[in-house]
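To start, the structure itself, in structure tokens.
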Amino acid sequence: MTITINAADTERKSVQAGFAATWPIAVSAKENTVRFSFDWTFGPDADAPEWDIVLKNAAGEIWSNGRSSKEVRVNINDTKGLKVLAVCPKGARYEDCVDLTVTVADDDSEDSVSFSAVATKSVLTLKTQIDQEITVATDLYNLIKDDGTDKKPGVVQDVYAILCPDNLRGYIFVEGMNVDRLREKARNIKKARNFLEDPVKISEIEVYLTPLSTVEGFEEGSLIEITKGPFKGEKARVKHIDESKEEITVELIDAMMPIPVTLNGDSVRVIEKEM
């Protein structure tokens, strides 16, 4: 019986700084004891930080690259729940990567499998004072702008984007790489509180990435006040809503003749909804 390594998932994984890419594997062999050996490279350049590489089973860690040897002997009975992990360093840059080959051998045969992982950005939630979201976002932007990370060669960019949703009070979202440095920056912003512990997925904040329609919340029959244009200050009733054009058609309350007026949704505010 020759050695075989079964890995259901060998696709390159994207992993956030401080988190691990994990690949479950299964090993079949004739001998009771096999040799695991590991070969890895960190990229994309010579300045790339080292990733932690770990071999674990159901009982815990078997081997890591913190050891002096790249090999470890493992009893085949101890390979239940076997996993290979690559832990992305907290100081990783965007698209830092690791390429890893795991070889399992006995006296008669061997088999190998390769894995790779790449560092990706994290989206963290920063808690702020209520109604100070824009102030905190602006202060954070000014802080990173003053760092000049986009102008200094070799300086790692910490923040890639700041999202301050209109309809979310007390929180903003920050996309960045080095989680520790992001937390450090937040300490220097007066009205910022703290980052929540776990990153969020893009799918969890998609609702905030799509701008709300300017006619969202309007209903036919609602009483509105016009806030822009020649009819500013006038009150009117909503007669029709065109969601595709984000326009509403209204009739002025005080007009002698019921003349329809079409307005952009952002030029009015609702005073009273139709009951």
| note | Sparse-neighbourhood loop hits (trypsin sites (Lys or Arg not before Pro), the stretch 224-275; DSSP loop; Cβ within 10 Å at most 16 others) -> LYS228, LYS232, LYS245, LYS273
| query | Near the amide H of ARG193, under 5 Å away, which other amide H atoms are found, from residues 5 or more places off or on another chain, if H is placed in the peptide plane? | reply | LYS127, THR128, GLN129
| task | In nm, give the distance between the simple-model label positions of ASP39 and ARG181, each being 7 Å from the Cα along the Cα-to-Cβ direction. | result | 3.3
| Phi to ³J(HN,Hα) by Karplus 6.51 cos²θ - 1.76 cosθ + 1.60 over the stretch 100-105, Hz, x for Gly, Pro | 9, 10, 10, 10, 10, 9
| field | Label zone at ASP254 (point 7 Å along Cα-to-Cβ), backbone N below 16 Å, the stretch 201-226 | value | 224-226
| field | Rg [Å, one decimal], Dmax [Å, integer] - the stretch 223-272, C-alpha atoms | value | 9.8, 30
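Above 13 angstrom, tally the Cα pairs of the stretch 63-107 and express them as a % of all pairs, no decimals. Display every interim value, and only then the final one.
Working: 694 of 990 pairs.
For the stretch 63-107, the share of Cα pairs beyond 13 Å comes to 70 percent.
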| request: Among the lysines, select those whose C-alpha is under 27 Å from the C-alpha of LYS239, and discard any that sit fewer than 8 residues away in the same chain. | output: LYS228, LYS273
| message | In whole Hz and in residue order, list the ³J(HN,Hα) couplings for the stretch 128-136 that follow from phi through the Karplus curve 6.51 cos²θ - 1.76 cosθ + 1.60, θ = phi - 60°; x for Gly and Pro. | response | 10, 4, 4, 6, 10, 5, 5, 4, 5
| What is the log10 of I(q)/I(0) for the stretch 47-172, computed with the Debye formula using one identical point scatterer on each Cα and no solvent, at q = 0.10 Å⁻¹? | -0.55
| field | Histogram of C-alpha separations across the stretch 124-209, 10 Å bin width, % | value | 17, 53, 27, 3
| If r is the Cβ-Cβ distance from LYS80 to PHE19 and R0 is 25 Å, what FRET efficiency results, to the nearest 0.05? | 0.55
| said: On a full-extension model of 0.36 nm per residue, what is the gain between ASN142 and GLU95, subtracting their alpha-carbon distance, rounded to one decimal in nm? | reply: 14.4 nm
| Average projected area of the Cα convex hull of the stretch 4-120, in nm²? | 7.0
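When the gyration tensor of the chain is built from Cα positions, what are the square roots of 5 times its three eigenvalues, in whole Å, from largest to smallest?
Working: eigenvalues 681, 106, 41 Å².
Square roots of five times the eigenvalues give 58, 23, 14 Å.
Since every read-out is calculated from the coordinates, none of them should be taken as a lab result. Predicted model only: the values in this text are computed from it and were never measured. Quick reminder, even Gly has a Cβ in these numbers, built from the backbone with ideal geometry, and neighbours come from all protein chains shown.
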